[in-house]
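Working notes, structure below.
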Amino acid sequence: MKRITYVDFIIVGRGIAGSILAHELMNAGQKIVVYDTPSENKSSTVAAGLFNPVTGRRFVKTWMADPLFSYLSEFYENLEKKLNTKWYFPIPLFRPFLSVKEKNDVIARNQAEDLGFYIHQIIDKPFENRVFRNVYGGILLKKTGYINIPELISGIRKKIIQKGEFKEELLEYSQLEILQPGVRYKEYIAHKIIFCEGVGGVKNPYFSWLPFRPVKGEIILIRPEADLDIIFNRQIFILPLIDKTLKVGATYDWDNIDSQPTEKGKKFLEEKLNHYFKVNYNVIDQFAGVRPATKDRRPFIGQHPEHPELGIFNGLGSKGVSLAPYFARKFVDKLLFGKELDKEVNIKRYY
């Protein structure tokens, strides 16, 4: 019989959500054990890791852009130093205008809605760039870039092994005991268990009632005949990596929820790429994953209505790298100090 080990938290899942939550709990002095198993459907390992505060057809600030992006840069810079690895890449991002009207609307909206904190330059004529086709100019954004998510997750994994415990195995729900207070799983007794399972949350018997809306996304990796030093974002993104390759994405498919790349996805991305991209290239790889998106496009954060020992930190969708740092901090404040969560992310909105 195995000896009982007492911990503060059991965390299930080690994607971007689970990894950053684990980091924040350890920073708060909590003893943790993390359960995770390699999965072909782990969207974090194939995601582009892009962060961008101005999105959509109308060039508007993304939801909660100001608090999220004022926190994001400092968080990742400090974490990168602590882990002594390189995975945070702030890079300018270019979004082209598609018409004169759109250009005029964005210029007017910038004055009315104060987008200036995120705009490096408004370009009102064709952007002098031999890589992108653009007729009407566009905006060059700051506070943008990407995270190499596999490297980030790997760095936090090493920290978990040093300061906590890591179990590379599938957690079996049938073996979880709710003690009230606390939970027990195999040889561990914890105050709480937090599920950060990504798309796997759909099958979690304790939280399957939440309205997940998983969406498959595909990305291609290309090698171009010219270097690129900014991100392109309009209908698709074109993301320069440090090895001079480019990630191009992404597709959205709500019907075929699997992690298999398709010829249809590749064709769609190449058609969009060829429309905007003036440089010859070769496709060298293709990836697919399923994002843990939600019906209302807001994260699922909080504690079970009947069993507060059970928590969830999930549903970050395609914006995990911008949402995870801020809301992991907020969730830790809730779990340790009882501070209230934002109503838009709290799962109380569904009960």
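Looking only at the chain, where both bridge partners belong to it, what percent of the DSSP beta bridges are antiparallel (to the nearest 5)? Before the final figure, lay out the partial values.
Values: 49 of 71 bridges.
Taking every DSSP beta bridge within the chain, about 70 percent pair in antiparallel fashion.
What's the whole-number percent of alpha carbon pairs in the stretch 215-291 lying beyond 22 angstrom?
Values: 538 of 2926 pairs.
The calculated P(r) of the stretch 215-291 puts 18 percent of pairs beyond 22 Å.
Within the chain, what's the longest run with no trypsin sites (Lys or Arg not before Pro) in a DSSP loop and at most 10 other beta-carbon atoms within 10 Å? Give the range, please.
Answer from the scan: 131-342.
Exceeding 31 Å between C-alpha atoms, which entries from my cross-link table qualify? They are 186/216; 61/266; 125/216; 103/343.
Numbers: 186/216 34 Å; 61/266 29 Å; 125/216 36 Å; 103/343 35 Å.
Going by Cα-Cα distance, 186/216; 125/216; 103/343 fall outside the 31 Å limit.
In deg cm²/dmol and to the nearest 500, what is the mean residue ellipticity at 222 nm of the chain if only DSSP H runs of at least 4 residues count, each as -39500 (n - 2.57), divided by the residue total?
Result for the chain, helices only: -8500 deg cm²/dmol.
Would you work out which of 97, 51, 217 lies farthest towards the positive end of the dipole of the chain, given +1 charges on the beta-carbon of Lys and Arg and -1 on that of Asp and Glu, about the Cα centre?
My answer, from the dipole projection, is 97.
Tell me the angle of helix 320-337 to the major Cα principal axis of the chain, expressed in degrees between 0 and 90 and rounded to the nearest ten.
Compared with the principal axis, the helix lies near 30 degrees.
So if I average 1/r over every pair of distinct C-alpha atoms in the chain and take the inverse, what Kirkwood radius in Å does that give? Numbers along the way, then the final one.
Working: mean 1/r = 0.0469 Å⁻¹.
That comes to 21.3 Å for the chain.
Among the aspartates and glutamates, which have Cα under 13 Å from the Cα of residue 101 when same-chain residues fewer than 8 positions away are ignored?
124
Quick one: dipole size for the chain, taken about the Cα centre, charges +1 on Lys/Arg Cβ and -1 on Asp/Glu Cβ, in debye to the nearest 20.
Working: 52 positive and 41 negative charges, 77 e Å.
Here the chain has a charge dipole of around 360 debye.
Any chance you could list the semi-axes, whole Å, largest first, of the equivalent ellipsoid that the Cα gyration tensor gives for the stretch 257-351, using √(5λ)?
Sorted largest first and rounded, they come to 38, 14, 11 Å.
Which of 142/267; 143/192; 81/278; 167/334; 81/244 have a Cα-Cα distance over 29 Å?
On the way: 142/267 31 Å; 143/192 35 Å; 81/278 38 Å; 167/334 26 Å; 81/244 24 Å.
Too far apart for the 29 Å limit: 142/267; 143/192; 81/278.
FYI, it's all coordinate maths here, none of it is from the lab. From a predicted model like this one, the values you see are computed outputs, not experimental measurements. Neighbour counts run over all protein chains shown; Cβ positions are idealised from the backbone, glycine included.
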